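What follows is a short report on a single structure.
The values are calculated or read from the model by the stated rules, or taken from the named source; none is laboratory data. Keep in mind the model is a prediction, meaning the values are calculated, not measured. Every residue, glycine among them, receives a Cβ derived from its backbone with ideal geometry; neighbour counts consider all protein chains shown. Heads up: the accessible areas ignore ligands, DNA and RNA and are worked out on the full protein's heavy atoms, side chains in. Shrake-Rupley method; radii C 1.70, N 1.55, O 1.52, S 1.80 Å.
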Amino acid sequence: MKKFLFILLSWVVIDGLPAQNNSCANMFALLENKIWKVQFPQNKQYAMEMEFRDAGWRSTFLQGGKRRETFYSYSLCGDTIKVFELRENYIIQELTDSTLVFQYLPNTLTIGIGPVRCMTDNSLQGKRQNENRLDSIWRAEIGWNIGILDMSGSPIKDLSTIEPPRWAKWNYDLERYYTSQMVYPEDLLKKNQAGYSVVMCSIDTLGLPHGIYILTSKHKEFDKEVIRLTKELPHCLPCRDKDDKWMKCYYAVYVPFLPQHYRDRVKADSIAEEKQKHCFIEWETVPSFQDGKSWSAQNYITQHLKYDPALLSDKQQVRGIYTIRINSYGEVYEAKVLRSCGIQDCDNQILEIIRKMPRWTPTINYYGKGEYRESVLTIPIFFKRSDCSYN
């Protein structure tokens with residue numbers, strides 16, 4: 001007997017609620033993490049909504065344009081759903097991966113009763129819509145704070161005062177990392193079992209995850225995969241405070257497990273991998289400075305240059321080429337003269353400016369999980385008579 005997780009549908013009218021004539025009434029049910037189309041007996045349309053959720057039974061009576069909420073508990077006994085307060089039973093007549101048929105046996109009715117048939121939409125589009133609807137329901141029901149949290153576990157109220165953790169390929173949206181890298185548990189994939197896991201971990205000042213903890217989940221197998229992916233998470237650019245200093249934080253992520261979405265992703269990955277065999281792809285981006293424009297670093301250095309134009313002698317301009325080494329956190333850790341401009345004082349000034357430059361966005365390798373990497377740049381700097389600043 002499969003376990004009932006959640007069901008939402010319109011059902012029957014009890015004594016005192018009028019039935020309405022209709023050739024067919026269709027509703028939707030959520031059962032075992034699937035969307036079921038509910039087809040009621042011919043010429044019957046009922047005015048009572050019922051819902052299974054969290055071992056509870058909620059009912060809404062629609063009468064005279066008014067809604068009246070009631071609540072009952074239920075349990076599964078063999079092939080029967082028992083509603084204890086009302087002593088009403090739902091006899092399951094058929095239950096497969098695509099069909100559910102059961103008989104409602106109420107105490108009193110104003111109309112006749114017949115089997116209610118529920119069918120799933122097994123088309124690819126139907127499965128995607130089913131999973132999207134489940135995902136939207138779960139997101140709305142999640143009671144945990146998602147995203148960046150302070151070290152007390154509370155959400156940071158003013159995100160403008162900090163720079164959140166930033167991952168190489170995934171930027172600030174870590175959910176995309178999990179959904180793109182996950183390996184769906186094989187047994188659950190065969191059963192089309194959807195679900196989610198909400199994971200929280202601390203991010204240290206090196207941008208690495210620690211103290212991995214599952215906040216809530218639909219299945220322990222989902223938890224294992226999320227924990228594995230969290231442990232293998234590449235380092236990020238750590239959270240920074242208003243003084244631009246690295247700081248620790250917590251980070252919570254909702255990770256959906258949706259079978260058809262997973263199959264779509266695996267297929268797309270396979271196609272992309274085949275295309276890569278027949279074309280040239282640049283997997284890395286060069287480090288970028290401030291606004292990311294190609295001449296931003298040169299402009300920054302030039303704006304901070306101060307030299308005596310007399311040092312140029314009879315030349316209108318001279319050029320020096322300098323090497324910059326940037327680590328995977330965007331910090332300059334080495335600067336050298338590759339080709340001197342011929343003026344020692346100018347070379348020394350350039351090296352000093354480079355060493356004190358603000359943080360860069362480091363090289364990003366987009367292959368696989370994505371990661372920040374160290375890099376080496378060469379920057380030409382021109383010393384022009386007309387552009388110089390001298391005090």
Checklist entry - Name the residues in the range 289-340 that are among the basic types (K, R) and either in contact (Cβ under 8 Å) with a residue 60 or more places away in the chain or open to solvent by less than 20 Å² (accessible area, probe 1.4 Å) (or both), would you? => result K306, K315, R319
Item to check | Selection within the range 369-391 - open to solvent by 30 Å² or more (accessible area, probe 1.4 Å) and at pLDDT below 85 | outcome: F382, K384, R385, S386, D387, C388, S389, Y390, N391
Next on the checklist: Tell me which strands (runs of 3 or more DSSP E) are completely within the range 306-372 and hold 2 or more residues being more than 26 Å from T205 (Cβ to Cβ) and among the aliphatic types (A, V, I, L, M), or say none if there are none.
Outcome noted: 317-326, 332-339
Checklist entry - Going by the structure shown, is I156 at pLDDT 95 or above, hydrophobic (A, V, I, L, M, F, W, C) and open to solvent by 20 Å² or more (accessible area, probe 1.4 Å)? => result no
Checklist entry - Which of (1) under 30 Å from W167 (Cα atoms); (2) modelled with pLDDT under 85 is the odd one out, the single condition G342 does not satisfy? => result (1)
Checklist entry - Which one of these does S197 not meet: (1) surrounded by 16 or more Cβ atoms within 10 Å (Cβ to Cβ); (2) more than 16 Å from the chain's Cα centre (by Cα); (3) closer than 23 Å to W144 by Cα? => result (2)
Checklist entry - Restricting attention to the range 138-153, which residues are out of contact with any Phe, Trp or Tyr (no Cβ under 8 Å at 6 or more places or on another chain) and open to solvent by less than 80 Å² (accessible area, probe 1.4 Å)? => result G143, N145
Item to check | Matching residues in the range 198-223 - criterion: being within 23 Å of E371 (Cα to Cα) and of a type in the set (D, E, K, R) | outcome: D204
Next on the checklist: Taking the conditions exactly as written (in contact (Cβ under 8 Å) with a residue 60 or more places away in the chain, within 20 Å of the chain's Cα centre (by Cα) and either part of a strand (DSSP E or B) or farther than 21 Å from W246 by Cα (or both)), does N192 satisfy them or not?
Outcome noted: no
Checklist entry - Looking at T302, T285, which is the one that is among the β-branched types (V, I, T) and within 30 Å of V183 (Cα to Cα)? => result T285
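To keep it simple, each residue is scored yes or no on (1) closer than 17 Å to W138 by Cβ; (2) touching a residue at least 60 places away in the same chain (Cβ under 8 Å); (3) assigned to a helix (DSSP H, G or I).
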residue: S152; (1), (2), (3): no, no, no
residue: S160; (1), (2), (3): no, no, yes
residue: D173; (1), (2), (3): no, no, no
residue: V183; (1), (2), (3): no, no, no
residue: S202; (1), (2), (3): no, no, no
residue: I214; (1), (2), (3): yes, no, no
residue: D243; (1), (2), (3): no, no, no
residue: Y251; (1), (2), (3): no, yes, no
Next on the checklist: Restricting to the range 216-227, count the residues that are without any contact (Cβ under 8 Å) to a residue 24 or more places away in the chain and buried (at least 17 other Cβ atoms within 10 Å of the Cβ).
Outcome noted: 1
Item to check | Residues that are among the hydrophobic types (A, V, I, L, M, F, W, C) and either exposed (fewer than 12 other Cβ atoms within 10 Å of the Cβ) or at pLDDT 90 or above (or both), drawn from the range 253-288 | outcome: V253, V255, F257, L258, V266, A268, I271, A272, C279, F280, I281, W283
